[in-house]
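Notes follow the structure.
The values are calculated or read from the model by the stated rules, or taken from the named source; none is laboratory data. Bear in mind the structure is a predicted one, so any value in this text is a computation, not a measurement. Glycine gets a Cβ as well: all are built from the backbone with ideal geometry, and neighbour counts include every protein chain shown.
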Amino acid sequence: MKTFFRIYLLFALLILTACSNDDDVNMPAPKGEFDSGTLVLNEGGIGSVTFISNDYSRVDQQIYNSVNSGEDLGQFVQSIFFDDNNRAYIISNGSNLITIVKRFTFEKVGEITANLDVPRYGTVVDGKAYVTNQASFTTNADDFVSVIDLDTLETETIIAFDVVVEHIISDGTKLYVQNSAFGFGSGISVIDPSTNTIEAELDTGEALQSISINANTLYALHATGIDAIDLVSQELITTKSLPSEISGAKNLRISNGVLYYTFANSVYQTPLSETVLSSDPFISYDSDSEFGTMYGFEVNESLIYLADATDFASNGFVEIYDLDGNLVFETDVGLGPNGFYFN
């Protein structure tokens, strides 16, 4: 009987060991210390990045400074964009600097300083970075887009504009530049990356706040609604009306067939199938900030992320909600949190 029991126990242990080994083989190895989590960009003063792990067990502050022996990211960190080689590009518009790091470890691998003048946002198409620059704030005549070869980190060309340039996004074929900043201006410029020229100007409503692409349609949130523009014909499809009581809504995001946007301290949602935008708050949070309410906002993988910059002299905070509007996590971050990026 004892012999039979020992054989049974040994057989059971072999099965458990085999299952465990299979699990280990099937589980992908972490790409780095900052894999499987959210990067929160803190504008500064001198900018910083906070990492929040997906299971919320870690909140690491100042990760760039920690990894890179106390180096800093420069003044007024504005945005991050990524390439196809797991590199992250961190734009500091107060220092005319783009710091390049390994996306999942945050080790610095280079920087770009030439041909930048108040850089704002960037994106990558075919191995080239397209970065918007606002230059002097007293005129729009000097705004431009830098085209940077990411193999050499040299500027390939400059695309000059006579209107303001702000957000830049791509559908993989063309680039779309928002010709409005800080709630002033309208229109979207279309860049053909094969020639690096502006091929079209798309009209939008005034006080354009945000642009987003979904299913071959470009959506543009402005003072009176959201324009839907067909990316093939470049023609206006329709405009969804925005209720007057939330005129000036911002932070347009699209996820799973739903439009999300913010006004003051509230988040709103409207299905893409609806013709009129909802003015019923979906999520509201407490804020005493005069200018930093909803300073950062994102929707990703069934979670809603919002950031508040408080008084811009103290640490800001982040709140994360599920799609039912339930708060699932909150934490303090750095100074002036303005964006979320996902590893």
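The residues of region 214-230 that are surrounded by fewer than 22 Cβ atoms within 10 Å (Cβ to Cβ) and more than 18 Å from S273 (Cβ to Cβ), listed by number, are A223, T224. Looking only at residues in region 89-124 that are in contact with a Leu (Cβ under 9 Å, 6 or more places away or on another chain), part of a loop (DSSP other than H, G, I, E, B) and of a type in the set (S, T, N, Q), which one is surrounded by the fewest Cβ atoms within 10 Å (Cβ to Cβ)? For region 89-124, the residue satisfying everything is T113. Of the set (1) within 20 Å of the chain's Cα centre (by Cα); (2) of a type in the set (F, W, Y); (3) modelled with pLDDT under 95, all apply to Y176 but (3).
More than 30 Å from D83 (Cα to Cα), under 20 Å from the mean Cα position of the chain (by Cα) and of a type in the set (G, A, S): does that describe S266? So S266 passes the test. Among the strands (runs of 3 or more DSSP E) contained in region 210-285, which hold 1 or more residues that are touching an Asp or Glu at 6+ places or on another chain (Cβ under 6 Å), hydroxyl-bearing (S, T, Y) and closer than 25 Å to V177 by Cα? Output list reads 236-241.
Which is under 22 Å from Q269 (Cα atoms) and of a type outside the set (K, R), of A200, A220? Of A200, A220, the one residue that is under 22 Å from Q269 (Cα atoms) and of a type outside the set (K, R) is A220.
Pairs meeting the criteria (first residue in region 39-66 and under 21 Å from A313 (Cβ atoms) and touching a residue at least 12 places away in the same chain (Cβ under 8 Å), second residue of a type in the set (D, E) and part of a strand (DSSP E or B), beta carbons under 7 Å, at least 6 apart or on different chains) are T50/D60. The residue that is surrounded by the most Cβ atoms within 10 Å (Cβ to Cβ), among those in region 267-321 that are under 30 Å from N216 (Cβ atoms) and of a type in the set (G, A, S), is G296.
Would you confirm whether or not region 179-190 contains a residue that is modelled with pLDDT of 95 or more and aromatic (F, W, Y)? No, region 179-190 has no match at all. Take S289 and decide whether it is assigned to a loop (DSSP other than H, G, I, E, B), of a type in the set (S, T, Y) and touching an Asp or Glu at 6+ places or on another chain (Cβ under 7 Å). When the stated conditions are applied, S289 passes them.
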